[in-house]
1. Could we say that Tyr282 is farther than 18 Å from Arg58 by Cα, outside any helix (DSSP H, G or I), open to solvent by less than 10 Å² (accessible area, probe 1.4 Å) and not charged (D, E, K, R) here?
2. If I ask for residues that are among the charged types (D, E, K, R) and either assigned to a loop (DSSP other than H, G, I, E, B) or crowded, with 17+ Cβ neighbours inside 10 Å (or both), which ones from the range 122-138 would you list?
3. Is there any pair with a first residue in the range 12-25 that is within 23 Å of Glu326 (Cβ to Cβ) and without any contact (Cβ under 8 Å) to a residue 60 or more places away in the chain and a second that is open to solvent by 40 Å² or more (accessible area, probe 1.4 Å) and among the hydrophobic types (A, V, I, L, M, F, W, C) whose Cβ atoms are under 7 Å apart and which are 6 or more apart or on different chains, and what are they?
4. Please name all residue pairs, on different chains or six or more residues apart, with Cβ atoms under 7 Å, provided the first residue is in the range 301-323 and is within 21 Å of Pro11 (Cα to Cα) and assigned to a helix (DSSP H, G or I) and the second residue is open to solvent by less than 10 Å² (accessible area, probe 1.4 Å) and among the small types (Gly, Ala, Ser).
5. Can you name the residue in the range 46-58 that is among the charged types (D, E, K, R) and surrounded by 14 or more Cβ atoms within 10 Å (Cβ to Cβ) and, of all such residues, is farthest from Thr259 (Cα to Cα)?
6. Based on what the data block shows, is Lys156 assigned to a loop (DSSP other than H, G, I, E, B), among the charged types (D, E, K, R) and closer than 30 Å to Lys13 by Cβ?
7. For Lys243, which of the numbered conditions (1) in contact with an Asp or Glu (Cβ under 7 Å, 6 or more places away or on another chain); (2) touching a residue at least 40 places away in the same chain (Cβ under 8 Å) fails to hold?
Amino acid sequence: MKVKDFDFELPEKLIAQEPMEPRDESRLMVINKIEDKIEDKIFKEIVDYFDPGDTLVRNNTKVIPARLFGHKEKTGGKVEILLLNQVKLDRWETLVRANGKVKIGTRIVFGNEELVAEVKDMTDFGGRVVEFEYDGVFEEILDQLGNMPLPPYITKELDDADKYQTVYAKKRGAAAAPTAGLHFTDNLLAQIKDKGVNIVDVTLHVGLGTFRPVKVDTIEEHDMHSEYYEISEETAQIINETKKRGNKVFSVGTTSTRTLETVADENGKVKASKGWTDIFIYPGYEFKLVDALITNFHLPQSTLVMLVSAFAGKDLTMRAYQQAVEEEYRFYSFGDGMLII
């Protein structure tokens, strides 16, 4: 299957630079797969699509201030580091930008030497493995020196870093937000819960996959980078009971979806687990667990568009995207939402 088959023209003006206020006032495109129908709604109306006994699964990962600006200890050359995955205690896989080469052994200084990183290895995706040296608590130093890692297509500076976090963000570790969840407010979640819907959390620390473009010609050649996930015993039990009753599992975002499809067996049953997933979902994939998908509008030719196409069908997805462009929906992280049922 060709990557170019998932391309579409997107005017730059449709790339949202800041979130809607309040969050749940963004637009919502509802795609009904069975009826082959597309409707325009407001996101807070999503509550109407739940039945008592359904379960909403969301990703509670929290974005860390993962972008660090420093300089080489020897030459003073500027270096930018983006933290991706924590390999072990003080070792991280990173993306590095610098004017010159950043070789193994290079030492990078941040702030007033409160934090120093030494390059220990190369990664298979062109990044670097670094080991940090510091006195004190790493998270506190990172909060002091780090910056929120906004995607490159958002050029407007945020006046509040929490705008790039979901209201239920809890477990630190992501290099990017699970953006479908940005639409939810505490009030909307309370309305959904009051309807008799279960709300449960999984964790997937969003990493390189969000930043990595598909550079091959055919989908099958693309390799997804691994991301860490967790699903608890309580969450697994509630999901299994939901499916047993014949109710629906609503997944908030592609990250929750990839987590659920990773842990589900061939019968759609899940069990508590933690580990790393590199699952790549594209048309032809048979979903084992997820019944409804809540997502955003994604980049052309991205793995996210491919996942949505697998869930809704490629033709219906591309038709919906064309309609979204024509009707000037807002795209990407701070853009509008989509519900596929």
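The values are calculated or read from the model by the stated rules, or taken from the named source; none is laboratory data. As the structure is a computational prediction, the values presented were derived from the model and not from experiment. Neighbour counts run over all protein chains shown; Cβ positions are idealised from the backbone, glycine included. Each accessible area value is taken on the protein alone, full model and side chains, heavy atoms only, with ligands, DNA and RNA left out. Shrake-Rupley method; radii C 1.70, N 1.55, O 1.52, S 1.80 Å.
1. Values: farther than 18 Å from Arg58 by Cα: yes; outside any helix (DSSP H, G or I): yes; open to solvent by less than 10 Å² (accessible area, probe 1.4 Å): no; not charged (D, E, K, R): yes.
It is false that Tyr282 is farther than 18 Å from Arg58 by Cα, outside any helix (DSSP H, G or I), open to solvent by less than 10 Å² (accessible area, probe 1.4 Å) and not charged (D, E, K, R).
2. Quick first cut of the range 122-138, residues among the charged types (D, E, K, R) only: 124, 128, 131, 133, 135.
Passing the criteria: Asp124, Arg128, Asp135.
3. Qualifying pairs under 7 Å: Glu25/Ile42.
4. Pairs that qualify, where the first residue is within 21 Å of Pro11 (Cα to Cα) and assigned to a helix (DSSP H, G or I) and the partner is open to solvent by less than 10 Å² (accessible area, probe 1.4 Å) and among the small types (Gly, Ala, Ser), are Thr317/Ser309.
5. First pass over the range 46-58, keeping only residues among the charged types (D, E, K, R): 48, 51, 54, 58.
Narrowing further to those that are surrounded by 14 or more Cβ atoms within 10 Å (Cβ to Cβ): 54, 58.
Numbers: Asp54: 18, Arg58: 10 Å.
So the residue we want is Asp54.
6. Numbers: assigned to a loop (DSSP other than H, G, I, E, B): yes; among the charged types (D, E, K, R): yes; closer than 30 Å to Lys13 by Cβ: yes.
Yes, satisfied.
7. Answer for Lys243: the failing condition is (1).
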